[in-house]
Amino acid sequence: MSFAGLNAAEIKTALDGCAAADTFNYKKFFGACGLAKKSADDVKAAFQIIDQDNSGFIEEEELKLFLQNFSAGARALTDKETAEFLKAGDADGDGKIGIEGKSSLKGRALFPTHLSKDKHDYLPGQQWPLNRSASHLNY
C-alpha cells in the first residue's frame, strides 16, 4: 500500500536512496518521496497507515516496518535506524509517537511540514520559519 497523493517515481527514488542497511534518514526520505510537501490532512492519513494496530500511536515495531508502507518489498529498518526515527518523534520518551498529546507528531519535527521552530529541521529549499500553529491541525 502507498500513501495517497505521492508520486510513484518519487517513492521509488526515496526507497532506492535508503535500500542499504543503516542509510535511512527520515528527513531525506520525506523530501525525496514528496511527503514533506503534503498537507496536515495528508500527514494525518500517513500516520493512520503507519499505525497498523489503530492504537493512536506508532510503536517501535510499526516504525521498523515503515518503508513497507510505501512498497511491500521494501526492507525493514535496522534497530539503529528505528531507534533514531523513534527518538525524532517521541516527545516524552515513552517509546511511541502519537498524533495528539505529549507523544505527538505535532510536538516534534518528525514530518518536516509540522511545527518545528528549529531551522535545522527543514530540508534545503523549505522556508523557515513556516507560519504554522497547532490550532490549524484539527485532529
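Here are the numbers for this structure:
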{"read-out": "Qualifying positions in the stretch 6-23 - small (G, A, S) and surrounded by 14 or more Cβ atoms within 10 Å (Cβ to Cβ)", "value": "A14, G17"}
{"read-out": "Failed item, numbered, when Q48 is tested on (1) open to solvent by 60 Å² or more (accessible area, probe 1.4 Å); (2) more than 12 Å from the chain's Cα centre (by Cα)", "value": "(2)"}
{"read-out": "Residue tally, condition part of a helix (DSSP H, G or I) and closer than 19 Å to L6 by Cα, over the stretch 54-73", "value": "4"}
{"read-out": "Among residues of the stretch 23-53, those that are outside any helix (DSSP H, G or I) and closer than 23 Å to G93 by Cβ, counted", "value": "5"}
{"read-out": "Flag for K38 being open to solvent by less than 60 Å² (accessible area, probe 1.4 Å) and within 15 Å of F85 (Cα to Cα)", "value": "no"}
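Per-residue answers, yes or no, for (1) within 12 Å of the chain's Cα centre (by Cα); (2) at pLDDT 75 or above; (3) hydroxyl-bearing (S, T, Y); (4) not in a loop (DSSP other than H, G, I, E, B):
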| residue | (1), (2), (3), (4) |
| --- | --- |
| R75 | no, yes, no, no |
| E81 | no, yes, no, yes |
| F85 | yes, yes, no, yes |
| A88 | yes, yes, no, yes |
| D94 | no, yes, no, no |
| G101 | no, no, no, no |
| A109 | yes, no, no, no |
| H114 | yes, no, no, no |
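The values are calculated or read from the model by the stated rules, or taken from the named source; none is laboratory data. This is a predicted model, so every value here is computed, not measured. Every residue, glycine among them, receives a Cβ derived from its backbone with ideal geometry; neighbour counts consider all protein chains shown. Each accessible area value is taken on the protein alone, full model and side chains, heavy atoms only, with ligands, DNA and RNA left out. Shrake-Rupley method; radii C 1.70, N 1.55, O 1.52, S 1.80 Å.
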